[in-house]
Amino acid sequence: MDYRRIVILTGAGVSAESGVDTFRDKNGLWSKIDYRDVATPEGFAANPALVHDFYNMRRRRIAELEPNDAHRALARLEREFSGEVLLVTQNIDDLHERAGSKNLIHMHGEHRSALCTHCGDRSPWEGDMSLETPCPACATVGHLRPDVVWFGEMPYQMERIYDALRAADLFISIGTSGNVYPAAQFVQEAGRAGAHTIELNLEPSDTFDDFDEAVHGPASRVVPSYVD
Ligand code: BJW
């Protein structure tokens, strides 16, 4: 590859073939449960037990799943590429790191992390969580929540991401519907800065027109064939 600095954005589609639910597909999570109830600060304030149940269920499910060929191809790219590769994922699962990716930002948080709204601590987390769980750092009870970014909240490490997008010469978007901001604007940001932009997705996303190039098909097939 004739590039020096690559930024890759992944979404739920990269983990779909591992068995992780997507959000907006026909049988996606948001067809089964109202996102306002489980993925907003207001939903958590109204019914914390429902929100904890939702994330406990997903945390247990993801623990049983394995990375697929798309995760593995991206880890291989990072290992073997002579330039810089930054992987920015919207996914809260840990399949990229289990496949071997290291230079990775979880912009929407991680299911294996707990956030204390009292002391601000972010701690590694295994197992279930409830309102009765004490914070591992300050030991207060009633303040622990999943360390994930809900609607209306600021995604993590935005400054580092925008710096990398502005310096990138290649931007690859994989398995994301282009529905959720600010991630949906990354293609424009990288394109304005001169990067070549490519979409790898099952079908054309909502931001398809913004890309220079696109390959459509399942991630486990199109990602390895693009990377290798
Ligand atoms: C396959 C496949 C296979 C299937 N192979 N592909 C305008 C500007 C800025 C903000 C806003 C704005 N308008 C509205 C907003 C606010 C809001 C927003 O975007 N709302 C929209 C719905 C309109 N955004 C926010 O509130 C964000 N915060 C924010 O904006 O802060 C202010 C700010 C401004 C400017 C700069 C910086 C900050 C926060 C958004 C938080 C999103 N949270 C969630 C939940 C996280 C925790 C959890 O997982 O439970 O994140 S919602 C959900 O959507 C989750 C995902 O990460 C995210 C994106 O979904 P994704 O990954 O794209 O999945 P799907 O299901 O939508 O798509 C899957 C795709 O894969 C499909 O295309 C399939 O075809 C494909 N696929 N199988 C390849 N095998």
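No value in this document is a laboratory result; all are computed from the given coordinates. Values in this document were obtained by computation on a predicted structure and should not be read as measured data. Neighbour counts run over all protein chains shown; Cβ positions are idealised from the backbone, glycine included.
Placing +1 on the Cβ of each Lys and Arg and -1 on the Cβ of each Asp and Glu in the chain, which of 77, 136, 146 has its Cα farthest towards the positive end of the resulting dipole?
Comparing the listed Cα positions along the dipole, 136 ranks first.
Neighbour counts of other C-beta atoms within 10 Å: give me 96, 111, 143 arranged from fewest to most.
143, 111, 96
So, in nm, how far is label residue 158 from label residue 36 when the simple model puts each one 7 Å beyond its Cα toward the Cβ?
2.4
Arrange 135, 119 by Cβ neighbour counts within 10 Å, fewest through most, would you?
119, 135
For q = 0.15 Å⁻¹, what log10 I(q)/I(0) does region 143-199 give under the Debye formula with an equal point scatterer on each alpha carbon and no solvent?
Debye intensities relative to I(0), on a log10 scale: -0.49.
In terms of the Cα gyration tensor, with a ≥ b ≥ c the square roots of its eigenvalues, is region 45-110 rounded because a/c is under 1.5, prolate because a/b exceeds b/c, or oblate?
Because a/c hits 1.5 or more and a/b fails to exceed b/c, region 45-110 counts as oblate.
Once the dipole of region 140-211 is set up with Lys and Arg at +1 and Asp and Glu at -1 on Cβ about the Cα centre, which of 183, 205, 157 lies farthest towards its positive end?
157
Taking the Cα centre as origin and putting +1 on Lys and Arg beta-carbons and -1 on Asp and Glu beta-carbons, what dipole magnitude results for region 24-81, to the nearest 20 debye?
It comes to approximately 100 debye.
Just for the Cα atoms in region 1-113, what are the lengths along the principal axes, largest first, rounded to whole Å?
50, 26, 24
Gaussian network model of the chain, Cα springs within a sub-10 Å range: biggest mean-square fluctuation belongs to which of 130, 205, 31?
31
For the chain, modelled as a GNM with alpha-carbon contacts under 10 angstrom, which of 113, 82, 101 fluctuates the most?
Result: 82 has the largest fluctuation of those listed.
Rounded, prolate or oblate: which one fits region 169-228, using the alpha carbon gyration tensor with axes a ≥ b ≥ c (rounded when a/c is under 1.5, else prolate when a/b beats b/c, else oblate)?
It comes out oblate by the Cα gyration axes.
Using the Cα centre of the chain as the reference point, and only Cβ charges (+1 on K/R, -1 on D/E), how large is the resulting charge dipole? Debye, rounded to the nearest 20.
320
Please compute, for the alpha-carbon atoms of the chain, the extent along each of the three principal axes and give them in descending order in Å.
53, 35, 30
When only C-alpha pairs under 8 Å and at least 6 residues apart count, what is the relative contact order of the chain, in percent?
That works out to 23 percent.
As a check on your grasp of the helix formula, calculate [θ] at 222 nm for the chain: sum -39500 (n - 2.57) over DSSP H runs of n ≥ 4, divide by the residue count, round to the nearest 500.
-8500 deg cm²/dmol
Can you sort 147, 2 so the residue with the fewest Cβ neighbours within 10 Å comes first?
The order, fewest Cβ neighbours first, is 2, 147.
Take the Cα pairs of region 88-218, get the Kirkwood Rh, then feed it into Stokes-Einstein at 20 °C and 1.002 mPa s and tell me D in µm²/s.
D = 131 µm²/s.
How many angstrom lie between the C-alpha centres of region 121-168 and region 77-105?
Centre-to-centre (Cα) distance: 19 Å.
Given a Förster distance of 45 angstrom, what is the FRET efficiency for residue 181 paired with residue 139, based on the Cβ-Cβ distance and rounded to 0.05?
0.75
For the chain, give the share of DSSP beta bridges that are antiparallel, in percent and rounded to the nearest 5; count only bridges with both residues there.
Roughly 25 percent of the DSSP beta bridges within the chain come out antiparallel.
Can you compute the charge dipole magnitude of region 1-115 about its Cα centre, using +1 on each Lys and Arg Cβ and -1 on each Asp and Glu Cβ, nothing else charged? Give it in debye, rounded to the nearest 20.
60
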